Amino acid sequence: MQKQWKGDKIARMEIQDLKRYSAAEVVLLGVFALGLLLALVLVKVRGNIALAEPVALPFGGVSAPLPQGPEWKTVGGWMYESDNSFVLLGIMNYQGRPAMTARWRYALCDEPVEVEALLRQRADSAAARLTLLGQTGGSLAMSYGRIDSPGTRESYLMGVAVLEQARRLELYIAFGSQDEAFAQTVFEALANGVRLSPCPQQAAGAEQVEQFYRTRLQSLADADAPRQTVLLLKDAAERPLGYASQRAFVHNSGDGDGHLRLTTLRVEAAGLRSESDLWLSFTDTAFSWKAVRQLADSGAPRTNELRGNTAGRIAVQRSGEGNRMLCRTPMLMYEPLTTAFVAGLPADDAGPIVIDLLTETGMVVPVRISPIAAQDAHVKSEQAVRFVRLDYLHTDGAFEEMVFDADGALLGRFEQAPSRPARLWEATTPDALKQTFGVQLEPLGRAPDSSQPAAPLKTETLAMKEQTTTQTAVFAAGCFWGVEYFFAAVAGVV
């Protein structure tokens, strides 16, 4: 009897344990199923990427999208970078930390390289491994691959597409190793969301640049004497702030070949002194350009050297930096030739054009050039018959206005940069400049033949238009009356 009771008790205990273990397994199974469901929901949500409206690059002919949603944040619009490109950036945050980055890069003048070779270069520069993944579909076919860096938890998807006017569009997706499928989805969605459109301003700029080098620049070879342009830098209160001088020399070889030499000197009272020496061939695209820039109390001067060959490649060497290679775009114009180029544009052409301006530091800046009416200009002159505005597209609010007389000679340039007072470069003569600053101008490098004196351009008086706009500035100082006393002597302070 006792044995039977013990057996029944053991049986009841086993049944209770079985029920308890079964309940635990059911709970675990339920948790597992819920996890699968959440994973499926997450995959579905991530698989449906919401894209913001594509952001247009002004006068670039391309509009690129970025992901949108509560986890994605954009870092402004297109931003100009010092490597001669515009960048559009989006960042996805997860639990307060960046989890993925989407980055568009619109390269203006990178050295021409085959797409696959470029992908390998980027991987090699990061000591990473490249896996080619083919091409995307959509309106823009991008060749792309995956770049994995050994020893890190971050990988990249990089795509490249070649555009018109030697431009290039690149897309980067940086992601963690666990987000590979999601990164692929984001990459394909962005690549397929690109919008391309013709940019007639670029095409018109390329046409005018080609015509300038083919005809107008070549016409300078017939000049018998060097020419000189001298400008006086003034502020709105007509106070002299500095000066600039450019001299042009033509060297003919007698067989139709030769070159143009432009020497430029720029001095500002704030402590800037810049000299450059540009040599251009009349028959091909080869050139040599050396510039030396010195700032007061900045130590040794900085030297930049640029050399272009007939294949359209430009080598840039800057003080303390390695060599960079650029591509000569069809719209490329050297900065010292800007005035001559603008002066030679057809006066009856009312449409704007876009060119690439190459500076002495190797920066390439897109510039929109358009004629403006006299009443819309910031300067006035009785001798002015033509006003042209140059908008520097890499910086909002940066522009210049050039003023020409009936002979096409430059009367002056009005310049405006963000957060800086407006300035005016007024055409003058070497004698007038000597009276103002007590300097005798000389070109950088070899002096011209004394038998060929420079002929100064016609000069006229320019003045800035009166402007009534005011801005409020706040200063902190220990004495109000002292601040008022000193600022009362500053022109323009009310």
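Derivation of every value follows stated rules applied to the coordinates shown; laboratory data play no part. All values derive from a computational prediction rather than experimental measurement. A quick note on method: Cβ atoms are made from the backbone with ideal geometry, for glycine too, and the neighbour counts reach across all protein chains shown.
More than 20 Å apart: what percent of Cα pairs in segment 305-452 qualify? The calculated P(r) of segment 305-452 puts 60 percent of pairs beyond 20 Å.
Kirkwood radius for segment 65-163, taken over all pairs of different Cα atoms as the inverse mean of 1/r, rounds to 15.0 Å.
Give me the extension gain from R324 to E382: residue separation times 0.36 nm, minus the current Cα-Cα distance, reported in nm with one decimal. Let's see the in-between values first.
Working: separation 58, 0.36 × 58 = 20.88 nm, distance 4.62 nm.
Fully extending the segment from R324 to E382 adds 16.3 nm.
Taking the Cα centroid of segment 135-190 and of segment 325-359, what is the distance between the two, rounded to the nearest whole Å? Value for the Cα centre distance between the two parts: 34 Å.
Which of the peptides 309-320, 416-427 is most tightly packed, and how do the rest follow, going by the mean number of other Cβ atoms within 10 Å of each residue? Walk me through the intermediate numbers first.
Numbers: 309-320: 14.7, 416-427: 16.2.
Order by mean packing, descending: 416-427, 309-320.
Taking trypsin sites (Lys or Arg not before Pro) across segment 123-208, the ones in a DSSP loop with at most 11 further Cβ atoms lying within 10 angstrom of their Cβ are R153. Answer with one residue from L196, I173, P150: the one whose Cα lies farthest towards the positive end of the charge dipole of segment 126-206, charges on Cβ with Lys, Arg +1 and Asp, Glu -1. Highest projection toward the positive end goes to L196.
Per-peptide packing, taken as the mean over residues of other Cβ atoms within 10 Å, places 398-406, 119-127 in the sequence 398-406, 119-127 from highest down. Label-to-label distance, T285 versus L196, with points set 7 angstrom from Cα along the beta-carbon direction: 2.0 nm.
Taking 2.2 N^0.38 Å as the expected size of a compact globular protein, what ratio does the Cα radius of gyration of segment 106-214 give against it, to two decimals?
Working: Rg = 16.5 Å, N = 109, 2.2 N^0.38 = 13.1 Å.
Working it through for segment 106-214, the quotient is 1.26.
Using 0.36 nm per residue and subtracting the Cα-Cα separation, the extra length available between A236 and R120 on full extension is 36.4 nm.
Figure the gain on full extension for S63 and D396 (residue separation times 0.36 nm, minus the Cα-Cα span) and round it to one decimal in nm.
On the way: separation 333, 0.36 × 333 = 119.88 nm, distance 1.83 nm.
The S63-D396 span can extend by a further 118.1 nm.
Working from label points 7 Å from Cα in the Cα-to-Cβ sense, the V113 to Q375 distance is 5.4 nm. With a Förster radius of 45 Å applied to the beta-carbon distance between Q211 and T436, the computed FRET efficiency rounds to 0.75. When peptides 285-296, 429-440 are ranked by their average number of other Cβ atoms within 10 Å per residue, the highest-first order is 285-296, 429-440.
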